[in-house]
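Here, each number is a calculation from the coordinates, and none is a lab measurement. Note that the coordinates shown come from a computational prediction; the quantities given were computed from them, not determined experimentally. Positions of Cβ are backbone-derived with ideal geometry, glycine not excepted, and every protein chain shown enters the neighbour counts.
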Amino acid sequence: MIRYLMRHRHTSPFELAVLKLHVRAPIFVTRQWFRHRTASINEYSARYSVLEKEFYFPRPEDIAAQSTSNKQGRADSLPPEQAQQVLDILRDDASRCYDHYMDLLNEDENGQTRDPSRPSVARELARMNLPVNIMTQFYWQINLWNLLHFLRLRADSHAQYEIRAYADAILRIVEKWAPLTFEAFTDYMRDAVLLSGPALRALRAAMG
């Protein structure tokens, strides 16, 4: 029955199953994530709380040149020395921006006031200079059908590596949580091919 429902896109039964995740990810990943407007999201607010000093830095082998054929993709990995130079810049910028952030808040690492003689800048303003590789966290609640659509796009080999890593982890959760649905999803969505009308007619003609 599950395979029949998946094959014929009868979605309502899958919409009755709901998953809620607590996610920790860099802000530039969440910007892609939140484009999927089919979930309920509650993100940690930097207007009310101070963000922790935690940043995402890519592995040297994941630092690549801009693709010349895909404006939003990567080409080959940079040589080790160049990759290290990129990492040094990212780490230096992140550290400096966070130090300035805490200085604007007038707080030390323990949350204590640094200088009682000067005011603290509002948290909603102090956060402005933080880079998008700083980590944020959010609760994400989504029904199974919309989750599968998210995974079909974000676990695809063309998706950006960083969000694909999260999608691959969620795939493993779905495989344990709903194994029959995961199997049907793999066969009829993730590994399936959609043919256009002309392509289907050409295939039929070729098959005689």
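List of remarks:
- Net charge, residue 9 excluded, C-beta distance under 15 Å - Lys, Arg +1, Asp, Glu -1: +2
- GNM flexibility winner over the chain from 151, 16, 51 (Cα, springs under 10 Å): 16
- Charge sum, other residues only, whose C-beta stays under 14 Å from residue 187's C-beta, Lys/Arg counted +1 and Asp/Glu -1: +2
- Angle in degrees between helix 197-206 and the longest Cα principal axis of the chain, rounded to the nearest 10: 40 degrees
- Estimated inter-spin distance, residue 187 and residue 160, nm [label 7 Å along Cα→Cβ]: 3.5 nm
- Around the amide H of residue 136, modelled in the peptide plane, lie the amide H atoms of 25, 27, all under 5 Å away and 5 or more residues distant in sequence or on another chain.
- Estimated [θ] at 222 nm from DSSP helical runs (n ≥ 4, -39500 (n - 2.57)) normalised by residues in the chain, nearest 500: -13000 deg cm²/dmol
- Note on residue 8 and residue 114: their simple-model spin labels are 6.5 nm apart, each label 7 Å out from Cα toward Cβ.
- Think of the chain as having a plus end and a minus end, set by charges on the Cβ of Lys, Arg, Asp and Glu; of 128, 105, 166, 166 sits farthest toward the positive end of this dipole.
- Between the entries [x] 25, 22, 16; [y] 29, 18, 16; [z] 42, 24, 13, the label attached to semi-axes √(5λ) of the Cα gyration tensor in Å calculated for this structure is [z].
- Sequence ranges 57-70, 160-173, ranked by mean other-Cβ count within 10 angstrom, highest first: 160-173, 57-70
- Across the chain, the mean sequence separation of Cα contacts (distance under 8 Å, 6 or more residues apart), normalised by length, yields a relative contact order of 34 percent.
- Modelled this way, with points 7 Å down the Cα-to-C-beta line, the labels at residue 50 and residue 82 are 4.0 nm from one another.
- Taking amide H positions as modeled 1.01 Å from N, with prolines and chain starts lacking one, no residue 5 or more places away or on another chain lies under 5 Å from residue 53.
- Of 48, 188, 98, the residue with the greatest mean-square motion in the GNM of the chain, using alpha carbon springs below 10 Å, is 48.
- The angle between the Cα long axis of helix 80-105 and the main principal axis of the chain comes to about 60°, on a 0 to 90 degree scale.
- Counted charge near residue 62, where neighbours are those whose Cβ lies closer than 13 Å (Asp, Glu -1; Lys, Arg +1): 0
- About its Cα centre, the range 57-132 has a charge dipole of approximately 320 debye under the convention of +1 per Lys or Arg Cβ and -1 per Asp or Glu Cβ, with nothing else charged.
- Length released on extending from residue 74 to residue 169, taking residue separation times 0.36 nm less the Cα-Cα span: 32.0 nm
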